[in-house]
Each structure stands twice: as C-alpha cells, then as structure tokens.
C-alpha cells in the first residue's frame, strides 16, 4: 500500500485534546478492572433476583459484596464516561452542542455513581 | 500538506448499501452500540439499588418487574450486552499489541467474540443458578 502519511501524524505536545493519552490509558485500565467485576456482578444478579428484600439486603449489604459493588460502580462509571465522550466527539460537531452534551454526560455518570454508592452504603450500614 | 497525487491514491470508502458487511465491521458497530446501551442501562442498576435501600414497597415494585419473565429477559439481554462488550474490549486489547490483525485472525476473533459472548452468558447464568 502507498504511504499515506500526512504531516498531521506529527502531533505536538499533548495533542488536540490537551491531555495526551491519559484517556486511552484510563479506558484500558478500567476495562481490565471491569472484567472480573462484571463477571462477579452477573453471577450476583442471578443469585439475588426475585429473592425477598430481607435476603437481598443481607447479601448486598455484606462487607465483601458492598465493597465489590462500590469498586465496580467507580470503575464502570469512569469507563462509560470516557466511552460516551468518544461517541459524542464522533457525532456531534457544533462546539456549543458538543460541550453541552459532554457536560451532561459527565453529570449523568457522576449522578449514577453517587446514587448507587449511597444506596450501597445505606444497605451496608443502615439496612 | 498532502499533495494531489496522495489524495488520488487513497482508498474510497465503501458504499454501505451495496457492500457486503464484513463481520469485523458488524462487531465494531455492535461494540459501540452495546457500550452506549450499557451506559443507559446503569440507570436500571441505580434504580434497583435505590429501591433495595429505600424500603419494602419500593423494592417490591422493582423486584416484581425484574423477577417477571420480561424482567428476566431484560436481565439476560443485559448480561449478554455486558459480556459481548467485554470480549470486544479484550479483542481490542489484543489489537493494541499489534497482533491478530491478519485477515484470517481478525475474522476468527470477530466470530469468537459473538459465539463466546453467547456461550459465556449461558455459562454465567448456569453458575449463578447453581450457586443460588
């Protein structure tokens, strides 16, 4: 194949996004963490679905399960925020709309994480 | 800047409607769709956790829905979506190291992604039901 290199390949400093490869790396780090976390999570869901609340609370509120769920929430919310940022940057081109959607997406990811972690802590400490 | 000759020698993008979709392309699109679906699906997880933490009545409505055949179907599809996206991610991780990009290998990886996600979903549900 012909060499299709253009001068654009020579990205200077931290590139157009101003943060270099930090997202690339963080996305892979959280992806690796997600592998054992989501496998355990799926088994957990199958185990608890349909059980009465007292049993579900006892399982989700137990120290190991609660800690496991909090770690998963942190990892997946970081991962999904970066992933959605890539999708928005690919399809939304107006600068104003793009920034607005990126901010909304960040708020969504943070809100999901905060609400979920609060619920898990309440299950663990407050029943 | 690129010269005129360079532009002319670049490959043309395929016309999607008369183009036989390669399996790698389908898996690429599926990876993005499953990722976006999982992003939205976290709302279901948050709702369920909050319902469990809130009280008996809130939990009964969430549990009643998720324990119904429709709810279980959604959970089964949700778990496949997670596992398909996970195996797709592992495929991309392999590619990050510059291996598995040959024509035969990349097609094989794409099919392994699809078959593996279906198999792994059934396996994890079997494990969950056995532990339960």
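Where a number appears in this text, it was derived from the coordinates with a stated rule and is not lab data. Keep in mind it's a predicted model, so treat the numbers as computed, not measured. Neighbour counts are summed over all protein chains in view; Cβ atoms, including those assigned to glycine, are modelled from backbone coordinates with ideal geometry.
Structure notes:
- Residue within the range A:103-111 that is in contact with a helix residue (DSSP H, G or I) (Cβ under 6 Å, 6 or more places away or on another chain), buried (at least 18 other Cβ atoms within 10 Å of the Cβ) and either outside any helix (DSSP H, G or I) or touching a residue at least 12 places away in the same chain (Cβ under 8 Å) (or both) present: yes
- Single residue of A:43, A:76 found to be facing chain B (nearest Cβ under 9 Å) and free of Cβ contacts under 8 Å to residues at least 24 places away in the same chain: A:43
Residue-wise test of (1) within 9 Å of chain A (Cβ to nearest Cβ); (2) closer than 25 Å to residue A:49 by Cβ; (3) part of a helix (DSSP H, G or I).
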{"site": "B:61", "(1), (2), (3)": "no, yes, yes"}
{"site": "B:75", "(1), (2), (3)": "yes, yes, yes"}
{"site": "B:80", "(1), (2), (3)": "no, yes, yes"}
{"site": "B:86", "(1), (2), (3)": "yes, yes, yes"}
{"site": "B:98", "(1), (2), (3)": "no, no, no"}
{"site": "B:106", "(1), (2), (3)": "no, no, yes"}
{"site": "B:115", "(1), (2), (3)": "no, no, yes"}
{"site": "B:121", "(1), (2), (3)": "yes, yes, yes"}
